[in-house]
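Student: Provided herewith is a single structure, encoded as structure tokens, for subsequent inquiry.
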Amino acid sequence: MEIRQLESTQIDNAITLIWETFLQFDAPDYSEEGVQSFKEFIENEEIIKSLEFFGAYDQGELKGVLATNENRKHICCFFVKAQYHRQGIGRKLWEYVLSSSKNNTFTVHSSPYAVPVYRKVGFVDTTTEQSADGMRYTPMKFER
């Protein structure tokens, strides 16, 4: 397994992985408005250019993606293909970002599906579940 920062030519593959995984695991918890809001977010070229993307590759296949903004302080997208869940890929992505950042605090707005995953790697809820633009999320943070 190789974890590395993605180059601009690899972002389209990352967005495809994010969208397909989102539809499978997160979309069922969102309203139609929420699904559309997320789609608009990942299709917004200006936003995508402002993010840093990290990928987990195995034998040339992209298996997971983690994207951050605010100088790696906030996780915007964190997805692993369904058939590779529970194999440590997400943890390896997170540990790579953690080790390559000098930040002491990291934040995320976790989908309902991912809350247990974030808790497992040390994030804690900062408040109760929120909703905006049809998307449900729990604000969470990690402190070293």
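The values are calculated or read from the model by the stated rules, or taken from the named source; none is laboratory data. For clarity, every value in this text was computed on a predicted model and none was experimentally measured. Note that each Cβ is placed from the backbone with ideal geometry, even for glycine, and that neighbours are counted across all protein chains shown. SASA here: full protein model, heavy atoms, side chains in, ligands and nucleic acids out. Shrake-Rupley method; radii C 1.70, N 1.55, O 1.52, S 1.80 Å.
Student: Which one of Gly60, Ser37, Pro116 is farthest out on the positive end of the charge dipole of the chain, using unit charges on Cβ (Lys, Arg +1; Asp, Glu -1) and the Cα centre as origin?
Tutor: Checking the options against the dipole of the chain, the answer is Pro116.
Student: Shifting gears a bit: Solvent-accessible area per residue for region 1-133 at a 1.4 Å probe radius, Å²? Walk me through the numbers on the way to the answer.
Tutor: Numbers: 7500 Å² over 133 residues.
Heavy-atom accessible area per residue stands at 56 Å².
Student: Using the Karplus curve 6.51 cos²θ - 1.76 cosθ + 1.60 with θ = phi - 60°, what ³J(HN,Hα) values do you get for each residue of region 70-82, in whole Hz, with x for Gly and Pro?
Tutor: Residue by residue, region 70-82 yields 6, 6, 6, 8, 10, 8, 9, 9, 8, 9, 10, 3, 3 Hz.
Student: Something else now. If R₀ is 35 angstrom, what is the calculated FRET efficiency for the pair Asn104 and Glu33, using the beta carbon separation as r and rounding to 0.05? Spell out each step's value before the answer.
Tutor: Values: r = 35 Å, r/R0 = 1.01.
For R0 = 35 Å, the calculated efficiency reads 0.50.
Student: Would you please state the base-10 log of I(q)/I(0) at q = 0.16 1/Å for the chain, with intensities from the Debye formula using one equal scatterer on every alpha carbon?
Tutor: Per q value, in the given order, log10 I(q)/I(0) is -0.83.
Student: Quote the charge dipole size of the chain about the Cα centre in Debye, to the nearest 20; the model charges only the Cβ of Lys and Arg (+1) and of Asp and Glu (-1). Don't jump to the answer; show the numbers that get you there.
Tutor: Values: 16 positive and 21 negative charges, 169 e Å.
Its charge dipole is roughly 820 debye.
Student: Ok, one more. In percent, what relative contact order does region 74-144 have, based on Cα pairs under 8 Å that are 6 or more apart in sequence?
Tutor: Numbers: 78 pairs, mean separation 22.6, N = 71.
It rounds to 32 percent for region 74-144.
Student: Which distance in nm do the two modelled labels at Thr9 and Tyr84 give, with both placed 7 Å along the Cα-to-Cβ direction?
Tutor: Output for this residue pair reads 2.0 nm.
Student: Please give, to one decimal in nm, the separation of the simple spin-label points placed at Glu40 and Asn71, each 7 Å out from Cα toward the Cβ.
Tutor: 3.0
Student: Okay, moving on. Per-residue ellipticity at 222 nm for the chain, helices alone: DSSP H runs ≥ 4 residues times -39500 (n - 2.57), over residue total, nearest 500 deg cm²/dmol?
Tutor: Values: 5 runs with 50 residues, N = 144.
For the chain, the value works out to -10000 deg cm²/dmol.
Student: Right, next: Taking all protein chains in place and a 1.4 Å probe, what share, in percent, of the accessible surface of region 2-144 do carbon and sulfur account for?
Tutor: On the way: 3530 of 7960 Å².
Carbon and sulfur atoms account for 44 percent of the accessible area of region 2-144.
Student: Could I ask something else about it? Roughly how far apart, in whole Å, are the Cα centres of region 35-87 and region 1-21?
Tutor: Using only Cα atoms, the two centres lie 6 Å from each other.
Student: Report the charge-dipole magnitude of region 28-78 in Debye, nearest 20, computed about the Cα centre from +1 at each Lys and Arg Cβ and -1 at each Asp and Glu Cβ.
Tutor: Working: 5 positive and 11 negative charges, 60 e Å.
Taking the Cα centre of region 28-78 as origin, the dipole is about 280 debye.
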